[in-house]
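Chemist: Following this message is one structure expressed as structure tokens.
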Amino acid sequence: MEKRIKGFALFLPEISELLREKNYGELKKSLKEVPPVDLAEGWSQLSLPDRNIIFHLLDKRRAIEVFEDLSFGDQKILINSLESQELGEVLDEMSADERADLFEELPEKMVKKLFSLMKKEEVEDVKDLLTYEEDTAGGLMTTEFVELRKDMTARQAILKIQESFRRYHGETIQDVYITNTEHRLIGGLSLQALIASPPDILLKDIMSPVQVIKINVNMDQEEVAKIFSKYDLLSAPVVDGENRLLGIITIDDIVDVIEKEATEDIYGMGKISGVERVAEINYGEASAFTLVKNRVIWLFVLLLIGTFVSGRLLKGYAGMLQSVIALAIFIPMMMDSGGNAGAQSLAMVVRGLATGEVTPDQLWKIVKKEILAGLMSGILMGVIAMFGVFVLQGFNLNLAFAVGFSLAMVVTVATVTGAFLPLIFKRLGFDPAVAASPFITTTVDATCLIIYFEVAKRLMF
């Protein structure tokens, strides 16, 4: 994003100068050199009057591309400033999926007003798309696609594609799909393969089956992203339960899904509340108050839990600490090591769940693997910790063995817990990244203290 803003910044002095001089002829020429996405991302650097001037100087196609790339807030401002006829043209010409995303955010009263400015078929298209859940294939798809028949020749197909190209501006025509008279999907064909085929060959002789890569309209967007990744797709057809072709999903939508899901997982693991809303916040533009508002709830909850659990445990072992003060020296090391080990296995399992490499059905297989990994890591760290005790406390064999043995157990338990929790939460239907992360800290800390003091009690008292 920063790179794009810098790209727009190269044009900004010239644009600003031409705006001051009201040299709109030269400004119109200069704007042709700025990519629409760069212009949209540099939009905030322009004053409101200048934005309106620039938008009206763009040709229709570029204006629509800029509008689609603007933030929802900037889109709403433009909607309120454009004339009814011009606004209707913009909305009619927008990509179907982009238009549906916009209308989903708008208040109902404004939606009704905008519907009155649009063509009837475009209104029906928006209404159909809005019936699907936002995080499903139906919520991602566009209805702008090319549908062909199997008895067409390659020449006839290309002519129809040219007609569709003029309507859709070529944005989503990467693959074409073959259906029967009831619009049921029977095959697919890449544009490249079609162009390379003899003009008189029938599509049924060159089409490919799409049974593997067709996507059900109700499929979750994360599953859709996995299919795109597995088969290296640029687009995929979306069908209903009766195999009727409803729309297509393109790779640019999947990139957005991956970014959104990754952002939500990262914020969730960072214990930031309202991750779906936070994912939409630009950190560079967010105020300190906004950051605190989204962080403080989990921090407060974990403070209370940590105070209650860890505080009660330490209070219960206060007598041991008074008898052997040296035990307190190694508590931070013990808790940090357990937390780090748990976080490592948590991160790997959450990633495996996200990519499909790991499933909840593999629970015990994964737990056994993590027990072995935890034991190996824990024993190695325990031996090193024993030498650390000798350095800090002299040759105190009982203390060294208590610390080393406890650390080995703590790392093992933390490693298994870090792998176990996300699998359990996934099976229960919760987001494993968001749900497991807060629990891992509290669980590992409490377990660490219990193991440490119970081992020390048996070896030193």
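Chemist: Could you grab me the full set of residues in segment 212-246 that are touching a strand residue (DSSP E or B) at 6+ places or on another chain (Cβ under 9 Å) and part of a loop (DSSP other than H, G, I, E, B)?
Modeler: Quick first cut of segment 212-246, residues touching a strand residue (DSSP E or B) at 6+ places or on another chain (Cβ under 9 Å) only: 213-221, 223-224, 227-228, 233-246.
Matches in segment 212-246: 213, 214, 217, 218, 219, 233, 234, 240, 241, 242, 243.
Chemist: If we keep just the residues of segment 215-242 that are crowded, with 18+ Cβ neighbours inside 10 Å and closer than 25 Å to residue 181 by Cβ, which is farthest from the chain's Cα centre (by Cα)?
Modeler: 239
Chemist: Residues of segment 91-135 being of a type in the set (Gly, Ala, Ser) and out of contact with any Leu (no Cβ under 8 Å at 6 or more places or on another chain), which ones?
Modeler: Once the filter is applied, which keeps residues that are of a type in the set (Gly, Ala, Ser) and out of contact with any Leu (no Cβ under 8 Å at 6 or more places or on another chain), segment 91-135 yields 95, 116.
Chemist: Go through 343, 328 for me and flag whichever is in contact with a helix residue (DSSP H, G or I) (Cβ under 7 Å, 6 or more places away or on another chain), among the hydrophobic types (A, V, I, L, M, F, W, C) and loosely packed, with under 14 Cβ neighbours inside 10 Å.
Modeler: Numbers: 343 fails: loosely packed, with under 14 Cβ neighbours inside 10 Å.
Every option except 328 fails the conditions.
Chemist: Which residue is surrounded by the most Cβ atoms within 10 Å (Cβ to Cβ), if the candidates are limited to segment 130-157 and must be part of a helix (DSSP H, G or I) and touching a residue at least 40 places away in the same chain (Cβ under 8 Å)?
Modeler: Within segment 130-157, the first condition is being part of a helix (DSSP H, G or I), and the residues that meet it are 130, 137-140, 154-157.
If we keep only those that are touching a residue at least 40 places away in the same chain (Cβ under 8 Å) too, we end up with 137-140, 154-155, 157.
Numbers: 137: 26, 138: 25, 139: 21, 140: 28, 154: 21, 155: 13, 157: 25.
Looking at residues that are part of a helix (DSSP H, G or I) and touching a residue at least 40 places away in the same chain (Cβ under 8 Å), I get 140.
Chemist: For segment 65-83, enumerate the residues that are out of contact with any Leu (no Cβ under 9 Å at 6 or more places or on another chain) and surrounded by 13 or more Cβ atoms within 10 Å (Cβ to Cβ).
Modeler: The answer is 71, 74, 82.
Chemist: Which one is farthest from the chain's Cα centre (by Cα), of the residues in segment 356-371 that are part of a helix (DSSP H, G or I) and surrounded by 13 or more Cβ atoms within 10 Å (Cβ to Cβ)? Write out each step before concluding.
Modeler: Within segment 356-371, the subset part of a helix (DSSP H, G or I) is 360-371.
Applying the additional criterion that residues be surrounded by 13 or more Cβ atoms within 10 Å (Cβ to Cβ) yields 360, 362-363, 366-367, 369-371.
Working: 360: 21, 362: 25, 363: 25, 366: 25, 367: 27, 369: 29, 370: 28, 371: 31 Å.
Among residues in segment 356-371 that are part of a helix (DSSP H, G or I) and surrounded by 13 or more Cβ atoms within 10 Å (Cβ to Cβ), the one farthest from the chain's Cα centre (by Cα) is 371.
Chemist: I would also like to ask the following. Does residue 92 satisfy the condition of being in contact with a helix residue (DSSP H, G or I) (Cβ under 8 Å, 6 or more places away or on another chain) and either in a helix (DSSP H, G or I) or of a type in the set (Val, Ile, Thr) (or both)? Break it down into steps so the answer makes sense when it comes.
Modeler: Details: in contact with a helix residue (DSSP H, G or I) (Cβ under 8 Å, 6 or more places away or on another chain): yes; either in a helix (DSSP H, G or I) or of a type in the set (Val, Ile, Thr) (or both): yes.
Answer is yes for this residue.
Chemist: While we're here: If you take just the helices (runs of 4 or more DSSP H) that sit entirely in segment 1-77, which of them hold at least 1 residues that are of a type in the set (Phe, Trp, Tyr)?
Modeler: Numbers: elements: 2-21, 24-31, 36-41, 48-57, 60-69.
So the answer is 2-21, 24-31, 48-57, 60-69.
Chemist: Among the residues of segment 161-184, which ones are out of contact with any Asp or Glu (no Cβ under 9 Å at 6 or more places or on another chain) and at pLDDT 90 or above? Working first, answer last.
Modeler: So the first thing to find is which residues in segment 161-184 are out of contact with any Asp or Glu (no Cβ under 9 Å at 6 or more places or on another chain), and the list is 161-163, 165-166, 170, 174-175, 180-181.
Hits for segment 161-184 are 180, 181.
Chemist: Consider residue 124 carefully, then state whether it is more than 25 Å from residue 55 (Cβ to Cβ), in the same structural domain as residue 241 (by TED's automatic domain parsing), without any contact (Cβ under 8 Å) to a residue 12 or more places away in the chain and of a type in the set (D, E, K, R). Before the answer, list the steps.
Modeler: Numbers: more than 25 Å from residue 55 (Cβ to Cβ): yes; in the same structural domain as residue 241 (by TED's automatic domain parsing): no; without any contact (Cβ under 8 Å) to a residue 12 or more places away in the chain: yes; of a type in the set (D, E, K, R): yes.
So residue 124 fails the test.
Chemist: In the list 255, 224, which residue meets the criterion of being assigned by TED's automatic domain parsing to the domain that holds residue 186, modelled with pLDDT of 75 or more and aliphatic (A, V, I, L, M)? It would help to see each step written out before you state the result.
Modeler: Details: 255 fails: assigned by TED's automatic domain parsing to the domain that holds residue 186.
Among 255, 224, only 224 is assigned by TED's automatic domain parsing to the domain that holds residue 186, modelled with pLDDT of 75 or more and aliphatic (A, V, I, L, M).
The values are calculated or read from the model by the stated rules, or taken from the named source; none is laboratory data. The shown structure was predicted, so the numbers you read here are calculated from the model rather than taken from an experiment. Neighbour counts run over all protein chains shown; Cβ positions are idealised from the backbone, glycine included.
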